[in-house]
Amino acid sequence: MAERLASGRHHLTKEEVAANQKQRLFKALAAVMAKNGYSNTTVDDLIKEAKVSRATFYQHFDSKQDCFMSGYARMQRRVIDAILAAPATGTPMQRFAVMLDNYLGFIALDPPTARLFLLEVYAAGPEAMRRRVELQDEFVSGVAKVFKVRSKADRFACQALVAAISTLVTNALTDGGADEVKALRKPILAYTERVMGSPAS
């Protein structure tokens, strides 16, 4: 977790100070919205939790939604990078297994933040939902590439698979945490094998 910088002189650049402040605000976002939800969270709540001034908050973000969307874009890029890091060699199922491990591992690293962006996104407005659709579409494209999908019917199968994974992960985060997310690996792989192809070794 990003810690508050000590008062007085330090050797950090302005960019490093700004990065620390934003990281604290993102952590505050996850902590406060885990308790209050998106709709009931205020800028004052975030300022208090992050231990920054109001002026500092508005140096970085225009509003609560701007803070949420900035955090979502940050997580979106990291999730996609993790998903698309599947190896270029191996069977399609072996490559998908690595993709799934990367995704579930990323989510399990920080369940509160993942819970924030998978659950509270529904309350954050149409722009947030559009970003969620974009994220899911990139996941679908990654799966389609691994399985060398060409037909519309096969791409639809990839869309259905990714939608199922998203729902299962969201449900696991609602009811539990990292262990519940990791426990999804085996049943998801078994389901994918039946739907898409040969088993992963």
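The values are calculated or read from the model by the stated rules, or taken from the named source; none is laboratory data. None of the values given here were measured: they were computed from a predicted structure. Neighbour counts are summed over all protein chains in view; Cβ atoms, including those assigned to glycine, are modelled from backbone coordinates with ideal geometry.
A single member of 183, 123 is more than 28 Å from residue 69 (Cβ to Cβ), surrounded by fewer than 18 Cβ atoms within 10 Å (Cβ to Cβ) and hydrophobic (A, V, I, L, M, F, W, C), and it is 183. Within the stretch 53-71, the presence of at least one residue that is of a type in the set (A, V, I, L, M), at pLDDT below 95 and assigned by TED's automatic domain parsing to the domain that holds residue 158 is confirmed. Total residues in the stretch 162-201 satisfying the condition of being touching a residue at least 24 places away in the same chain (Cβ under 8 Å) and over 20 Å from residue 115 (Cα atoms): the figure is 11. Do you know which of the residues in the stretch 5-38 that are part of a loop (DSSP other than H, G, I, E, B) and closer than 16 Å to residue 59 by Cβ is modelled with the lowest pLDDT? Out of the qualifying residues, it is 5.
When residue 130 is tested against (1) assigned to a helix (DSSP H, G or I); (2) basic (Lys, Arg); (3) in contact (Cβ under 8 Å) with a residue 12 or more places away in the chain, just one condition goes unmet, and that condition is (3).
Filtered by the rule that a residue be over 10 Å from the mean Cα position of the chain (by Cα), surrounded by 20 or more Cβ atoms within 10 Å (Cβ to Cβ) and among the aliphatic types (A, V, I, L, M), the stretch 109-120 gives no residues.
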